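Worksheet: the structure to be examined is printed underneath.
We did not get these values from a lab; they are worked out from the coordinates using the rules stated. For clarity, every value in this text was computed on a predicted model and none was experimentally measured. Cβ coordinates were reconstructed from backbone atoms using ideal geometry, including for glycine residues, and neighbour counts include every protein chain displayed.
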Amino acid sequence: MTTPTYKSHISSAFNAELEDVRQRVLAMGGLVEQQIADASRAIKESDVELAEQVIKGDEKVNTLEVSIDDECSRILARRQPTASDLRLVYAVIKTITDLERMGDEAEKIAHMAVDLGRDQDHKGGPLPEIHHMARHVSQLVRDALDAFARMDAESALAVAQEDINIDREYEALLRQCITFMMEDPRTIRRVMDIIWSVRSLERIGDHARNIAEYVIYFVKGKDVRHISLDEMAREVRGEDA
């Protein structure tokens, strides 16, 4: 794995602080990845115990966000970073916010898994399709974190582009859920839990895209939020419009 491209400093302590905070972000990302995987497995297997573990684990994600945010505040106050160093700290602060929100969405899925697991008498809903989307979203999160670890703008661009496919998958699953409820109104309560779970997966995909945009901001010094994918690609590749 290549090292991120923030500049070297006369102060080795500053270098160590930047590297430490980067590693802590990746550790937080690994925890969130596991939360998403466990919540998805809990809903697929109607595993109430696993879902409850995910719910309890969200507190660890929140604690990490607070501690990393505090460290970033100390770096800003002590070091007064500029240029790429300032962009790195900014990217870290924004990234941990999105990771914390991913953790919240995983917790929501876990709550839905508890409801579904306790409702064994009423089957219905496209659970296999949810598992496919969950795997897709988990891979997107992994790719976003890998782009952050390597500060790779091209990989980040690929994450942003792939999020479009997550959105399409979400829309297709919504249509299936509506069909289930129309065909058998007795499934409405159960399928509504599935709909909320799918919505959370779609939101996790959006947060992964956000992280990708912060990577591009760090590498290119350009805020690429709220622009088209074509414009984003031009910024990453240095192409003229």
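For the chain, hydrophobic long helices are taken as DSSP H runs at least 15 Å long by C-alpha position along their axis with mean Kyte-Doolittle hydropathy of -1.0 or more; these are 12-45, 48-79, 83-117, 127-150, 153-183, 188-220. Lys-Lys pairs in the chain that are eight or more residues apart or on separate chains and whose Cα atoms lie under 21 Å of each other come to 12. For the pair the stretch 25-91 and the stretch 105-176, the centres of their Cα atoms are 17 angstrom apart. Here is the list for the stretch 184-241: GluC sites (Glu not before Pro) lying in DSSP coil, each with at most 12 other C-beta atoms within 10 angstrom of its C-beta, are 239. Ranking 170, 40, 15 by Cα position along the charge dipole of the chain, where only Lys, Arg, Asp and Glu carry charges on their C-beta atoms, puts 15 farthest toward the positive end. Computing volume of the Cα convex hull per residue in Å³ for the structure here picks out one of (1) 151; (2) 169; (3) 116, namely (3).
Computed over every Cα-Cα pair of the stretch 129-241 and binned at 5 Å starting from 0, the pair-distance distribution P(r) comes out as 2, 13, 21, 18, 14, 11, 8, 6, 4, 2, 1, 0 percent.
For the chain, adding -39500 (n - 2.57) for each run of n ≥ 4 DSSP H residues and dividing by the number of residues yields -29500 deg cm²/dmol at 222 nm.
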